[in-house]
Number of protein chains: 2
Amino acid sequence: MSRADHFTIGLLQHASPIGASREEVHTTFASMAREAAGRGAELIVSQELFGGHYFCQQEEAALLDLAEPIPGPTTQCAASLARELGVEITVSLFEKRAPGLCHNTSVYLGRDGSILGTYRKMHIPDDPRFFEKFYFAPGDRGWQVVDGVAKTGMLVCWDQWYPEAARLTALLGAELIVYPTAIGWYHGETPADRVQQRDAWITMHRAHAIANGCWIAAVNRIGVEADLTFWGSSMVIDPGGVIVAEAPQDAPAVLVHRCDRARIEEMRRGWPFLRDRRVDAYGGITERMLDGTSA
Amino acid sequence: MSRADHFTIGLLQHASPIGASREEVHTTFASMAREAAGRGAELIVSQELFGGHYFCQQEEAALLDLAEPIPGPTTQCAASLARELGVEITVSLFEKRAPGLCHNTSVYLGRDGSILGTYRKMHIPDDPRFFEKFYFAPGDRGWQVVDGVAKTGMLVCWDQWYPEAARLTALLGAELIVYPTAIGWYHGETPADRVQQRDAWITMHRAHAIANGCWIAAVNRIGVEADLTFWGSSMVIDPGGVIVAEAPQDAPAVLVHRCDRARIEEMRRGWPFLRDRRVDAYGGITERMLDGTSA
């Protein structure tokens with residue numbers, strides 16, 4: 001089957017407020033998904049843990065009750081929408097894999113509602129107000145590309161800071177890498193710190209696009225939840241590092257963008273970085289730190 | 001010996017025009033180095049192949065006559081300046097290692113004029129007007145950090161597009177990574193392409209600083225040489241990805257900046273990326289491309 005010369009993605013940015021039920025948030029999501037599909041989206045991408053508030057601001061064992069199996073309520077909601085709209089959907093959810101063993105997981109559903117791929121977040125943060133290591137075991141399925149409307153790499157949030165993750169996903173053939181995200185500011189941070197943090201976040205995504213010559217999509221939530229204000233700013237970046245679609249910092253958005261495959265070829269011909277990689281000299285990447293003065 | 005709480009670097013951005021002799025350019029360099037030292041620079045960094053025009057716009061065997069041994073005219077010039085000014089200096093030069101075997105090499109000289117480190121450019125480009133694979137054998141000394149006034153990683157130009165190079169250098173303990181550079185626009189490129197290219201170049205450097213929590217310095221040349229206009233824009237970037245000093249696109253500049261060590265600790269505590277690397281899952285980085293849909 002020959003591929004179209006483009007694929008169209010739809011990113012759904014919204015609030016998932018404290019106190020809203022999963023069903024309420026799913027209703028919002030479904031409404032936005034219908035809008036995205038109506039505007040031509042073939043792949044719809046959720047934000048991280050989109051079905052409820054960001055519960056990792058505290059360590060509380062009772063919150064493990066929020067975890068769900070796969071298949072479960074979230075994948076059933078997404079599968080139903082995929083069939084209704086004839087689109088592919090990736091959803092991010094809190095996966096209960098076994099008693100006491102949970103993951104931060106993305107599931108990719110095909111047009112018929114079947115599961116085409118699953119990715120478990122590989123890099124897990126742990127900072128005040130982002131106590132993710134308490135809730136999520138590190139992913140054990142490695143790097144994943146799903147062969148849907150695009151070859152789609154499935155990274156999640158904290159992975160965004162790791163060039164290794166983007167590179168490995170690109171080496172698997174990703175034309176697009178999606179990053180469902182939940183990132184925001186702590187109320188105590190200075191305005192200068194806020195600018196620096198959001199700008200650094202944007203810069204890393206742009207660098208992944210440039211270094212790997214592929215499309216990047218980041219989907220972040222909005223809204224105030226306890227001590228955090230999530231900064232939205234969901235975006236689509238082309239393989240040259242140019243932000244071609246961007247959502248506001250504080251309002252819901254259905255961001256639909258048509259991604260031309262030719263732009264990948266064009267950038268990789270102009271700047272053939274993959275050709276010149278020194279694969280003979282990268283072995284040290286698997287070390288935590290290197291001793292001495294050369295490697 | 002305890003280290004100072006900061007180190008001060010001086011980047012020398014200038015033209016190295018076609019037709020200027022090595023001695024003429026060295027005189028310009030010495031004058032700028034004296035200014036940098038007078039303004040407090042402890043480490044002076046040259047642009048790439050600073051001693052003459054960028055000769056790689058054509059493939060011409062006779063141009064191999066421009067290569068020089070180490071030690072040779074360029075390291076002798078730099079050693080003499082280092083002793084005179086009491087500073088450390090890195091210079092980028094066209095190294096003749098053996099008949100028919102040349103490299104694009106950086107040499108780091110200590111205050112007493114001795115050679116503290118040598119790096120041979122690992123990633124070699126080859127594009128129309130940048131025929132570097134004709135002139136330079138790929139580096140065979142790996143990644144290098146010199147323990148001078150700062151722990152200084154020594155990458156060069158095309159290396160800037162490779163997150164692997166910055167990461168490996170940071171894992172060796174680099175507090176600062178310097179990138180002598182010769183990058184510019186071809187006369188035939190559109191204004192939009194020019195903006196995209198320079199912006200991508202800046203973005204990659206900023207991403208290296210963010211991902212690795214270290215200082216970055218890029219030193220580029222200016223001026224028109226045959227089909228290329230070099231875009232200057234030499235810059236210093238802090239470990240948070242903020243550009244803290246920046247030179248113009250089309251004028252010489254002596255860029256002196258005091259780099260606080262505490263900023264490294266501050267950024268790495270706030271965003272402890274090195275802590276969470278999945279070193280167990282990065283093995284595929286040493287492959288050219290990966291087959292299948294997961295790795």
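Each reported figure results from applying straightforward, stated rules to the coordinates on display, with no laboratory input. What you see is a predicted model, and the numbers here were worked out from it, not measured in a lab. Every residue, glycine as well, gets a Cβ built from its backbone with ideal geometry; the counts of neighbours run over all protein chains shown.
Mean-square fluctuations from a GNM of chain B, with a 10 angstrom spring cutoff on Cα atoms, peak among B:164, B:35, B:60 at B:60. In a shell of Cβ-Cβ distance under 9 Å around residue A:95, excluding residue A:95 itself, what net charge do Lys and Arg (+1) and Asp and Glu (-1) give? In short, +2.
Among residues other than residue A:13 with Cβ under 14 Å from its Cβ, the summed charge is -3 (Lys and Arg +1, Asp and Glu -1).
Helical runs assigned H by DSSP (4 residues or longer) give chain A a calculated mean residue ellipticity at 222 nm of -8000 deg cm²/dmol, each run adding -39500 (n - 2.57) before division by the residue total. Ordering A:134, A:162, A:117 by the projection of their Cα atoms onto the charge dipole of the stretch A:97-253, which places +1 on the Cβ of Lys and Arg and -1 on the Cβ of Asp and Glu, puts A:117 at the extreme positive end. Packing-based ranking of B:166-177, B:134-145 yields B:166-177, B:134-145, ordered from highest to lowest mean Cβ neighbour count within 10 Å.
Note on residue B:224 and residue A:62: with the Förster distance fixed at 45 Å, the Cβ-Cβ geometry gives a FRET efficiency of about 0.10. Using a Gaussian network model of chain B with C-alpha springs under 10 Å, which one of B:61, B:211, B:33 is most mobile by mean-square fluctuation? Result for chain B, Cα springs under 10 Å: B:61 fluctuates most. Counting only Cβ charges, +1 for Lys and Arg and -1 for Asp and Glu, the dipole size of the stretch A:6-286 around its Cα centre is about 800 debye. The slack between residue A:199 and residue A:76, meaning 0.36 nm per residue of separation minus the straight C-alpha distance, is 40.7 nm. Between the stretch A:153-183 and the stretch B:159-231, the C-alpha centres lie 22 angstrom from each other. Inter-copy label distances for residue B:98: 5.7 nm (label point placed 7 Å from Cα along Cα→Cβ; shortest first). Taking every Cα-Cα distance in the stretch A:6-286 and sorting them into 10 Å bins from zero, the calculated P(r) comes out as 7, 31, 38, 20, 4, 0 percent.
Exposure proxy ranking for A:244, B:195, A:45, B:107, based on other Cβ atoms within 10 angstrom of each Cβ and starting from the fewest, stands as B:195, A:244, B:107, A:45.
For a label point 7 Å from the Cα of residue A:187 along Cα→C-beta, name the residues of the stretch A:1-37 whose backbone N is under 20 Å from it. Those under the cut-off are A:15-20. Centroid-to-centroid, using Cα positions, the stretch A:1-50 and the stretch B:128-152 are 46 Å apart. Label point of residue A:20 (7 Å along Cα→beta-carbon): distances to the other copies' equivalent points are 6.0 nm, sorted ascending. Pairs of Cα atoms nearer than 8 Å and 6+ residues apart set the relative contact order; for chain A it is 19 percent. Label-point distances for residue B:141 to the equivalent site in the other copies, using a point 7 angstrom along Cα→C-beta, read 4.6 nm when ranked shortest first.
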